[in-house]
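Here is the structure we will look at, set down as structure tokens.
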Amino acid sequence: MIKIYTVEEAQRSILRRQPLNAMTYPPAVLAGTERLFGPCVTPAQAVAKILASVQAEGDAALRRWSKLLDRVELEDFRIPSEKLEEAYRSLTDELKTAMQTAAQRIRLFHELQPLPNWETTSLGGRLGQRVTPVERAGVYVPGGTAPLPSSLLMSVIPAQVAGVKQIIVCTPPNPHVSILAAAYLCGIEQVFQIGGAQAVAALTFGTESVPKVDKIVGAGNLFVTLAKQQVYGLVGLDGLAGPTETVVIADSTANPAWVAADLLAQAEHDILASAILFTPDREVAEAVQVEVARQMETLSRAEIIAQSLEHRSGIVLTPDLPTAARLSNEYAPEHLCLAVQDPQAVAKLIHNAGGLFIGEHSFEVLGDYIAGPSHVMPTSGTARFASPINVLDFVKITSLVALDPASSRALSRLAATIARTENLTAHAAAADFRLGELDV
């Protein structure tokens, strides 16, 4: 059952953000961690142990963790290229068409994103910027309780559009055929069957088998996210994606069955997923509550959904739509769906959301698979300052400075003045030499 909250109740519970290291984990997560890593070991401590061992022992540690956590014994982590092609050819024509269409739309969307190199002579000499791709990117593709070939497409294709030369994919052992097929469809040859925090460790530090990368992208479970948090600075990150979340704002015109279906689609991802409805209409709230209970009975992941709805989700009764928009902006959801009579008007009130789905026909599941933008979006409130995966995640901007002698001389005296104010006399001296005010 999904609960109905007042605004005040929701702000004390489901709308309250916590940092990852302060998160209250469900009992099942804590019990599983202690069973594998020992009494009183937290998920963050378990991740730190995995990272340290892979950094120190390389492939040997990867094999040990794969055996303990994934219950598989692996000699070779890399999946042969012929297996990728074989997987693609085994797909039904219907699935091939769906994946090809998704790949085309994702590529076309990201090719429209500008990556400008530019220069100007208006400031003396030449100033500008040069955009270059990272050399090597790592893509994590979830494959635990649900295989996600869509995540491979959504992460790999923007990197390819950006011009990344080498893309390394990691996914949990014995990956689903659809993930291998997606890699083949994208022309990816380096796919490693390594999951969880150990995959993040391998991509960060490099091992005998897995190349070290410059940036890691892609969503994952709690342990993947904690691992990314702990390696930040050693490697670039797209962000800390997950647990996943959606907010729906609905009014009296919304279809309760559709709203319920959208909430359930999010809740089935993970027991830590959040599915939240803001509505000023009690009748809609109660109708959605009934629909959620009815539709759950037919779903294959009802047990996961039930835990998500119990601990992380809910329906919030708001005084009006502007209040709903304000609460959504404060929450800054990964996905925000507008099931209202005038979605464009409400969209103008929204400032913080990873993806904004405007109108009931632009529902989130289309964004998950085939609309075009990457579905790897900022979570945990980071939509206040972060963006979905896009081509800019895979490039670096280098500032270009090539001043002419006259401009250099004019600016040197000003630079020296600022430097002396900061008590940085070596900085000032470097400028003074150019002015001929110090002897060489």
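What follows draws every value from the coordinates through simple rules; no lab data is involved. Everything numeric in this text was worked out from a predicted model, so none of it was measured. Please note: Cβ atoms are built from the backbone with ideal geometry, for glycine as well, and neighbour counts cover all protein chains shown.
Please work out the FRET efficiency for the pair THR97 and GLN45, using the Cβ-Cβ distance as r and a Förster radius of 51 Å; give the result to the nearest 0.05. Once rounded, the FRET efficiency stands at 0.65. Could you tell me how many degrees, from 0 to 90 and to the nearest 10, lie between the Cα long axis of helix 321-331 and the main elongation axis, the longest principal axis, of the Cα atoms of the chain? That works out to roughly 60 degrees. Close amide H contacts of VAL395 (hydrogens built in the peptide plane, cut-off under 5 Å, sequence separation of 5 or more or a different chain): VAL134. Between the amide H of ARG126 and those of ALA402, LEU403, ASP404, distances stay under 5 Å, these residues lying 5 or more places away or on another chain, with hydrogens modeled in the peptide plane. If you average 1/r across every pair of different Cα atoms in segment 12-133 and take the reciprocal, what Kirkwood value do you get, in Å? Mean inverse Cα-Cα distance, inverted, gives 20.8 Å.
Once C-alpha pairs closer than 8 Å and six or more residues apart are averaged by separation and normalised to the residue number of the chain, the relative contact order reads 19 percent. Phi angles across segment 96-106 convert, under the Karplus curve 6.51 cos²θ - 1.76 cosθ + 1.60 with θ = phi - 60°, into 3J(HN,Hα) values of 4, 4, 5, 5, 5, 5, 4, 4, 5, 5, 5 Hz, Gly and Pro given as x. Remark: segment 289-305, residue by residue, has Karplus-estimated 3J(HN,Hα) of 4, 5, 5, 4, 5, 5, 5, 4, 4, 9, 9, 6, 10, 4, 5, 5, 4 Hz, where x stands for each Gly or Pro and the curve is 6.51 cos²θ - 1.76 cosθ + 1.60 at θ = phi - 60°. Taken along the Cα-to-beta-carbon direction at a fixed 7 Å, the label points for GLU286 and ALA402 span 7.2 nm.
Dipole orientation for segment 1-154: of the candidates THR6, TRP118, PRO43, THR6 has the Cα lying most toward the positive pole (charges on Cβ; Lys, Arg +1; Asp, Glu -1).
Neighbour counts of C-beta atoms inside 10 Å place VAL72, VAL54 in the sequence VAL72, VAL54, starting with the fewest.
Between ASN117 and GLN18, the contour length at 0.36 nm per residue exceeds the Cα-Cα span by 31.7 nm. Diffusion coefficient of the chain by Stokes-Einstein, Kirkwood radius over Cα pairs, 20 °C, 1.002 mPa s: 89 µm²/s. Computed from Cα atoms, the angle from the helix 425-435 axis to the main principal axis of the chain rounds to 50 degrees.
Listing GLU245, GLU94 from fewest to most neighbouring C-beta atoms within 10 Å gives GLU94, GLU245.
Cβ crowding within 10 Å, taken as a proxy for footprinting-reagent exposure, orders MET1, MET296, MET154, MET99 from fewest neighbours to most as MET1, MET296, MET99, MET154. Scanning the chain for trypsin sites (Lys or Arg not before Pro) in DSSP loops with at most 13 neighbouring Cβ atoms within 10 Å leaves 166-347 as the longest stretch between them.
A Förster radius of 56 Å combined with the Cβ-Cβ distance from ASN423 to GLN344 puts the calculated FRET efficiency at roughly 0.55. Per-residue 3J(HN,Hα) values for segment 34-46, derived from phi via the Karplus relation 6.51 cos²θ - 1.76 cosθ + 1.60 with θ = phi - 60°, read 5, 5, 8, 10, x, x, 6, 7, 7, x, 5, 5, 4 Hz in sequence order (x marks Gly and Pro). Centre-to-centre, using Cα atoms only, segment 298-359 and segment 1-62 are separated by 24 Å.
As an equivalent ellipsoid, segment 28-69 spans semi-axes of 20, 11, 6 angstrom, where each value is the square root of five times an eigenvalue of the C-alpha gyration tensor, largest first.
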